[in-house]
Amino acid sequence: MAGIERVTEASLDVLEVLLQAQRDRRDVHGWEIKKATRRSGPTVYGVIDRLEDAGFIEGHWEHQGPSDKGPRRRYYRLTGAGVVAASKLIAERRRPSQTKLQALERGLVVEYGWSR
Amino acid sequence: MTAKDILLAVIIPLILAEFGPWCGWLAARLLPTAAKLRYADSQRAAVRLEEWSGDLSDIPGQLTKLTYASGQLLAGTAAAAQRKAKARRKVRGRDVDGLVTAQLSSTGVSSPGQLTIYTTQWCGFCQRLKIQLARLGIEICEVDIERDLAAADYVMSINDGKQTVPTVLLPDGTTLVNPSAAQVRAQLAAVPPGSPS
């Protein structure tokens, strides 16, 4: 298939977070994305489903030692095709000022758990 | 103090203290059901379940845990209902929008002059093409390649092993991959229906 079938505002939010993470050279898990976008859990994982199906992102499980207990985290990163498509979509659909502001705001949210 | 005040000041905190921890427990019990309902694909359901359980351990509040799990459960229920409704419509041989004239269970053209479009349920380009073709008054046969494995093999055989949708098989035997409605119409006009080459 070519791309994702519909690009919602939530999809754009998630793509922005993923692009920012890619620039920071780190991977993010679902809960981080959820917090950064301030979207609901089902919405965020719905977007992750679609992006995964489209081959825009790939996920990998965190490594757990034998002493670690509990559920593993699954980290996501944009694929090569994903970076290209996400950059294009953000450029088309988000005004630069808006993107920058939101990135700034999200940066704070992600790093310090700060919210308005 | 009225009875309402007593309720607010005493009973509710008591209930929360009593059942708060239970909410967290219940939240963890809801997630497997939520994942199973949401995803027909059991592998993906397992992946998401572990992710969601991880999310739950990041939420400090017991009631917030329950809210999160309820949200997932609600979305799961909605997804399951949607899948069920879609399957029911498929059985009746009608597409979501009533655009499809027939449903094929095998590869090939049902009748001379009819074109076959290979799709998946989630493919937006397929949906768009179906709507556009319907507007042009072109009758189509739809085959869901995720339900019809023979059809999936057929699509892979003409797309270098990829399950590319929409793939259109025209009455004259030519195939078009992700064409516009105009392209389909042009191809139909080049080889009129009923005169297979």
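The values are calculated or read from the model by the stated rules, or taken from the named source; none is laboratory data. The shown structure was predicted, so the numbers you read here are calculated from the model rather than taken from an experiment. Don't worry about glycine lacking a Cβ; one is built from the backbone with ideal geometry, like all the others, and counts go over all protein chains shown.
Report whether or not A:LEU89 is out of contact with any Lys or Arg (no Cβ under 6 Å at 6 or more places or on another chain) and surrounded by 20 or more Cβ atoms within 10 Å (Cβ to Cβ). Here the answer is no, as A:LEU89 does not meet what is asked. Please tell me if B:TYR39 is surrounded by 14 or more Cβ atoms within 10 Å (Cβ to Cβ) and either facing chain A (nearest Cβ under 7 Å) or touching a strand residue (DSSP E or B) at 6+ places or on another chain (Cβ under 7 Å) (or both). No, not satisfied.
Filtered by the rule that a residue be over 15 Å from B:ARG29 (Cβ atoms) and more than 9 Å from every other protein chain (Cβ to nearest Cβ), segment B:68-89 gives B:THR77, B:ALA80, B:ALA81, B:GLN82, B:ARG83, B:LYS84, B:ALA85, B:LYS86, B:ALA87, B:ARG88, B:ARG89.
When B:SER70, B:SER106, B:SER157 are checked against the criterion of being out of contact with any strand residue (DSSP E or B) (no Cβ under 7 Å at 6 or more places or on another chain) and either modelled with pLDDT under 85 or at positive phi (or both), a single residue qualifies: B:SER106. Selection over segment B:42-59 of residues that are more than 7 Å from chain A (Cβ to nearest Cβ) and of a type in the set (S, T, N, Q) gives a count of 2. Taking segment A:1-49 as the range and being within 8 Å of chain B (Cβ to nearest Cβ), charged (D, E, K, R) and under 13 Å from the mean Cα position of the chain (by Cα) as the test, the residues that pass are A:LYS34, A:ASP49. Taken across segment B:82-90, residues that are at pLDDT 85 or above and touching a helix residue (DSSP H, G or I) at 6+ places or on another chain (Cβ under 7 Å) do not occur at all. The number of residues in segment A:50-74 that are surrounded by 15 or more Cβ atoms within 10 Å (Cβ to Cβ), more than 10 Å from chain B (Cβ to nearest Cβ) and either in contact with a His (Cβ under 8 Å, 6 or more places away or on another chain) or not in a loop (DSSP other than H, G, I, E, B) (or both) comes to 2.
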